[in-house]
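Shown next, in structure tokens, is the structure this report addresses.
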Amino acid sequence: MQTLDAVDPEAIRALHERGEFFWLDLHAPSDAEVDKLGELLSIPELAIEDTKEFDQRAKLDDYGERVLIVFYGADSGGLVETHIHVSGDEVVTVRRAPCAHLGTVKEKIKTGAVHTEQELVYRILDALADSLRIHVDGIGDEVEHLEQVAFVRPTAVERRRMSQLRAELFRLKQIVVPQRDMLARGGELLERLPGLERDLASHRFGDVHDDLVIIANEIDYLREVLSEAVNVLLNQMAGRLTIVATVFLPLSFATGFFGMNFGWMVRHIDSAWTFFVLGLGSMALTLVVAGVLLIRAGYLARR
């Protein structure tokens, strides 16, 4: 089993003539290269048009003698959308971003660890699913840190990151869940594809499905943790606002009372002593009493 990384018509024709199964992995090919590939391998026009347009949902399209799988993996740069054309003669993967996990599959092919065509398809899907799991695990470490700082005093950057991660996890769920459901429905189709040499084990694609189930559950858990962290922040903000209101409510009452210009006040409060004692003194006493009550209630306790 050979691997190619460019559209080489002579090499592809030679492999077809020998009846040798191969894997063609294309990274960021041009539209002209994709069109040439379609001519060489007789790929249906609709499948070629899909391969030219990325940002698609995860799916499995059946074209009789071949299928097109749109499957997502991940790398350090983010998600990696991969279009996989599978037939009994070859597997073609088209992507626009690097994916280190696919390199491990190529190494297994070189060492002879991949024995059948069906195993190659499984290895590719499994590598992409593993890359997603590692990506989600990395997000999980970050979410765990943000959950801890939410109970202290997160910075503006950390609060902004909470919002970004919630959106990122929502996007991941939109990808992982369709992939999970796709393999639940389409695993048997891949195993029955004409021309593919079968494995003795028929549960391989089920293993990838199970991995995606675990990933989807972890995403749900991380979203729940982030939601709780955000709720903690909101409760802390509400508590601070309550403290401010508690302090300023009696102050507002005191200043409002002395600002009513009652006749007795106008006639008797006319010295510096009464101004400082009754005016400023009453407000200072109000602050002290409010502070003592808040400390005893635990709102101003030192962390």
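The values are calculated or read from the model by the stated rules, or taken from the named source; none is laboratory data. Just so you know, these numbers come straight off a predicted model, no measurement behind them. When we count neighbours, we look across all protein chains shown, and the Cβ atoms used for this are built from the backbone with ideal geometry, even at glycine.
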Is there a residue being hydroxyl-bearing (S, T, Y) and either in contact with a Gly (Cβ under 6 Å, 6 or more places away or on another chain) or under 16 Å from D211 (Cα atoms) (or both) anywhere in region 149-161? no
So which residues in region 222-231 are surrounded by fewer than 14 Cβ atoms within 10 Å (Cβ to Cβ) and either in contact (Cβ under 8 Å) with a residue 40 or more places away in the chain or in contact with a Leu (Cβ under 8 Å, 6 or more places away or on another chain) (or both)? S227, E228
Filtered residues of region 151-162 (kept if without any contact (Cβ under 8 Å) to a residue 60 or more places away in the chain and either within 18 Å of V80 (Cα to Cα) or not basic (K, R) (or both)): T155, A156, V157, E158
Residue satisfying all of: in region 95-109; surrounded by 18 or more Cβ atoms within 10 Å (Cβ to Cβ) and within 22 Å of the chain's Cα centre (by Cα); farthest from L26 (Cα to Cα) among these: H101
Applying the selection to region 144-187, what residues are surrounded by 13 or more Cβ atoms within 10 Å (Cβ to Cβ), out of contact with any strand residue (DSSP E or B) (no Cβ under 9 Å at 6 or more places or on another chain) and among the small types (G, A, S)? A150, A184, G187
What do you reckon, is T51 of a type in the set (S, T, N, Q), over 25 Å from I139 (Cβ atoms) and at pLDDT 90 or above? yes
Considering only region 222-252, how many residues are among the hydroxyl-bearing types (S, T, Y), in contact with a helix residue (DSSP H, G or I) (Cβ under 9 Å, 6 or more places away or on another chain) and more than 16 Å from Q148 (Cβ to Cβ)? 1
Kindly evaluate R303 against the criterion of being at pLDDT below 70 and either among the hydrophobic types (A, V, I, L, M, F, W, C) or under 30 Å from V149 (Cα atoms) (or both). yes
So F257, is it part of a helix (DSSP H, G or I) and either modelled with pLDDT under 70 or in contact with a Gly (Cβ under 8 Å, 6 or more places away or on another chain) (or both): yes
